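Written out below as structure tokens is the structure these notes cover.
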């Protein structure tokens, strides 16, 4: 479950970076946000397979 919380923190940070990104950095913020979302999806899938979450 610690892994899940870490990934959620990363996602929250990526969302905040996106919200405050200027035009010069918006592409990077979008990339980081998408990567964090994909990491969360993979983490949830992995934890479900281990039956650590429902």
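Observations on the structure shown:
- Take every pair of alpha-carbon atoms less than 8 Å apart whose residues are at least six positions apart; their mean separation over the length of the chain yields a relative contact order of 43 percent.
- Per-residue ellipticity at 222 nm, computed for the chain from helices alone with -39500 (n - 2.57) per DSSP H run of at least four residues, works out to -27500 deg cm²/dmol.
- Helix 26-49 axis, angle to the chain major axis (alpha carbon atoms, nearest 10°): 0 degrees
- Cα-based helix-to-principal-axis angle, 2-20 vs the chain, degrees rounded to 10: 20 degrees
- With the convex hull of its Cα atoms as the shape, the chain has an orientation-averaged projected area of 3.4 nm².
Each value in this text was obtained by applying a stated rule to the coordinates, not by laboratory testing. Since this is a predicted model, take the numbers as computed values, not measurements.
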